[in-house]
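The block underneath contains the structure these notes are about, expressed in C-alpha cells.
The values are calculated or read from the model by the stated rules, or taken from the named source; none is laboratory data. Just so you know, these numbers come straight off a predicted model, no measurement behind them. Don't worry about glycine lacking a Cβ; one is built from the backbone with ideal geometry, like all the others, and counts go over all protein chains shown. Side chains are part of the model used for accessible areas, which takes the heavy atoms of the whole protein and leaves out ligands, DNA and RNA. Shrake-Rupley method; radii C 1.70, N 1.55, O 1.52, S 1.80 Å.
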Amino acid sequence: MTVISCLSLVSPVGYSAGSTAAAMRANIAAFAELSYRDADGEPIRGASVDALPATMRGRDRVAALTRLAADQVDPKQADRLPWGEMPIILCTREPQVPGARLNGIVGGLALPNGASLVGPHSVHVTEGAVSTFVGIWHARKLLAERKVPACIILAVDTLIDSRTLGWLDKAGRLKTSIVTDGLIPGEAASISVVSARPLLESHVTVHGLGLARETATVLNEQPFRADGLASALRTALAEARVEIHDVAFRLSDVAGESYAFEELVVAQMRVMRTVRPQQLVWLAAGCIGDCGAVAGSIQFAWAEQAFRRGYAPGPSAVLYGSSTFGNRAAAIVSA
C-alpha cells in the first residue's frame with residue numbers, strides 16, 4: 001500500500017488543497033494579463049499567485065513559492081509527522097526548460113512549528129509534469145527498503161518567467177491572440193507526505209503506478225500513437241488489478257494544446273475494451289493554467305478532496321502526467 005496526503009497547496013486560486021479544489025470544482029479561473037509581452041508586443045495572459053508581487057522574478061519567485069507552501073502547512077497535521085526522519089523529494093521542471101536557478105531553494109526551509117523540511121536520503125526529480133509520479137516511485141522504493149517512515153514530496157514551479165515564456169512563445173506553444181493552440185502559464189507549490197499506511201485522516205491510496213517514455217512528442221514530427229501514455233496506463237492498471245472501464249473518472253495535466261488532448265483520447269482508446277456510460281475528465285489547467293512540475297501534485301490533491309468531501313463521481317480515479325520531453329505517467333487511486 002502507498003498512501004499520499006496533501007499537506008499544503010498554494011495555487012493561483014487558493015492557499016490550501018481545500019480552497020484550490022473548491023475553486024476548480026466551481027470552475028473559477030484566475031487568468032489575467034501579466035507584466036510580460038509576447039513576440040508581437042501583446043500582453044501575455046497567465047495565472048499567478050497573488051501573494052507574490054509581479055516584480056518578484058527568477059529564483060526569488062521560486063523560493064517565495066516554496067516558503068509560502070511551507071507556511072501554509074497546518075501545524076496540527078505537521079505535529080503528527082516524524083520530521084527529521086523523512087527524506088524530501090524535490091520536484092521541479094525539466095533541465096531543458098529555460099528558467100530560474102533552483103539551487104538552495106529548500107535550504108533552511110522550516111514549517112510553522114519549527115520543524116525542518118530537509119531529511120535524509122534527499123532526492124531531486126527534474127521531470128516536469130510527471131515529477132510527482134516519479135517522486136512517488138522513489139518514495140515507494142525507500143519505504144519498501146524500510147529506510148524511512150515516510151517521504152515528503154515538495155513540488156514547485158512557475159512558468160511566469162521571461163526565459164520560460166520566451167521559450168514557449170518561440171516554439172509557438174504559448175496561447176496568444178494569434179496562437180489559439182497553446183497553453184496558459186501558471187505557477188504553484190505543494191507539499192505532500194507519502195507513506196506505507198495512513199498518517200493523516202485525509203489521503204488517497206495509490207493502487208497502481210506506471211511510468212513510460214514517448215518518442216513522438218509535441219516538439220517533433222514523429223508518427224503519433226500515444227505509445228508512452230498507453231504503456232504507463234497499462235502498467236498502472238495491471239498493478240491495481242482493474243480495467244480502465246472500472247475507473248470512475250480521470251484527472252489530467254492537459255493544459256490547452258491539441259496534442260495533449262489527442263494523446264489522452266488515443267491512449268484511452270488503445271486500452272479500453274468495454275464501453276462505460278460516462279467517465280469525466282477533470283482539468284485543473286482550465287482554472288490555473290499549466291503549473292509545470294506541480295501539475296501531478298495538484299491532481300492528487302484534487303482527487304483527495306473529492307473523495308473526502310463526497311463529490312467524486314465514483315470510488316476510483318486515474319491520473320495522467322505528460323512531460324514535454326517524453327516522460328509519461330499514470331496512477332490509479334481511491335479514497
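A few remarks follow.
- Qualifying positions in segment 282-296 - over 21 Å from residue 134 (Cα atoms) and free of Cβ contacts under 8 Å to residues at least 60 places away in the same chain: none
- Residue list for segment 75-97, filter: part of a loop (DSSP other than H, G, I, E, B), surrounded by 15 or more Cβ atoms within 10 Å (Cβ to Cβ) and in contact (Cβ under 8 Å) with a residue 60 or more places away in the chain: 81, 86, 87, 92, 93, 94, 97
- Segment 57-74 residues that are under 13 Å from residue 162 (Cβ atoms), paired with ones that are hydroxyl-bearing (Ser, Thr, Tyr) (beta carbon under 7 Å, 6 or more apart): 61/158
- Contact map, segment 243-265: residues that are under 12 Å from residue 225 (Cα atoms) paired with residues that are open to solvent by 50 Å² or more (accessible area, probe 1.4 Å) and modelled with pLDDT of 95 or more, Cβ distance under 9 Å, separation 6+ or inter-chain. Pairs shown: 264/281.
- Qualifying residue in segment 218-228 (condition: free of Cβ contacts under 8 Å to residues at least 60 places away in the same chain, surrounded by 17 or more Cβ atoms within 10 Å (Cβ to Cβ) and over 26 Å from residue 9 (Cα atoms)): yes
- Every pair of residues 6+ apart whose Cβ atoms lie under 8 Å, when the first sits in segment 143-167 and is part of a helix (DSSP H, G or I) while the second is open to solvent by 10 Å² or more (accessible area, probe 1.4 Å) and among the small types (Gly, Ala, Ser): 143/196; 163/99; 164/99
- Only one of the numbered conditions (1) within 20 Å of the chain's Cα centre (by Cα); (2) in a loop (DSSP other than H, G, I, E, B); (3) closer than 24 Å to residue 255 by Cβ is not met by residue 40, and that is (1).
- Residue list for segment 106-120, restricted to those being surrounded by fewer than 17 Cβ atoms within 10 Å (Cβ to Cβ) and farther than 15 Å from residue 66 by Cα: 113, 114, 120
- Candidates in segment 282-302 are the residues that are buried (at least 24 other Cβ atoms within 10 Å of the Cβ) and small (Gly, Ala, Ser); of these, the one that is farthest from residue 6 (Cα to Cα) is 289.
- In segment 43-64, the residues that are open to solvent by 50 Å² or more (accessible area, probe 1.4 Å) and touching a strand residue (DSSP E or B) at 6+ places or on another chain (Cβ under 7 Å): 45, 54
- Residue identified as in contact (Cβ under 8 Å) with a residue 12 or more places away in the chain, within 27 Å of residue 11 (Cα to Cα) and out of contact with any helix residue (DSSP H, G or I) (no Cβ under 6 Å at 6 or more places or on another chain) among 330, 306: 306
- Residue check, residue 275 surrounded by fewer than 19 Cβ atoms within 10 Å (Cβ to Cβ), farther than 29 Å from residue 65 by Cα and modelled with pLDDT under 95: yes
- Hey, residue 67 open to solvent by 60 Å² or more (accessible area, probe 1.4 Å) and at pLDDT 95 or above or not: yes
- Residue match in segment 74-89 (condition: closer than 27 Å to residue 251 by Cβ, in contact with a Phe, Trp or Tyr (Cβ under 8 Å, 6 or more places away or on another chain) and hydrophobic (A, V, I, L, M, F, W, C)): no
- Hey, residue 189 of a type in the set (Gly, Ala, Ser) and under 24 Å from residue 318 (Cβ atoms) or not: no
- Residues in segment 180-195 that are surrounded by 17 or more Cβ atoms within 10 Å (Cβ to Cβ) and outside any strand (DSSP E or B): 182, 184, 186.
- Only residues that are at pLDDT 95 or above and either in contact with a Lys or Arg (Cβ under 8 Å, 6 or more places away or on another chain) or charged (D, E, K, R) (or both) were counted across segment 121-130, and they come to 4.
- Total residues in segment 136-151, condition open to solvent by less than 60 Å² (accessible area, probe 1.4 Å) and over 16 Å from residue 198 (Cβ atoms): 3
- Pairs with Cβ under 9 Å, 6+ apart, first in segment 12-33 and over 22 Å from residue 55 (Cα atoms) and open to solvent by 50 Å² or more (accessible area, probe 1.4 Å), second of a type in the set (Phe, Trp, Tyr) and assigned to a helix (DSSP H, G or I): 25/302
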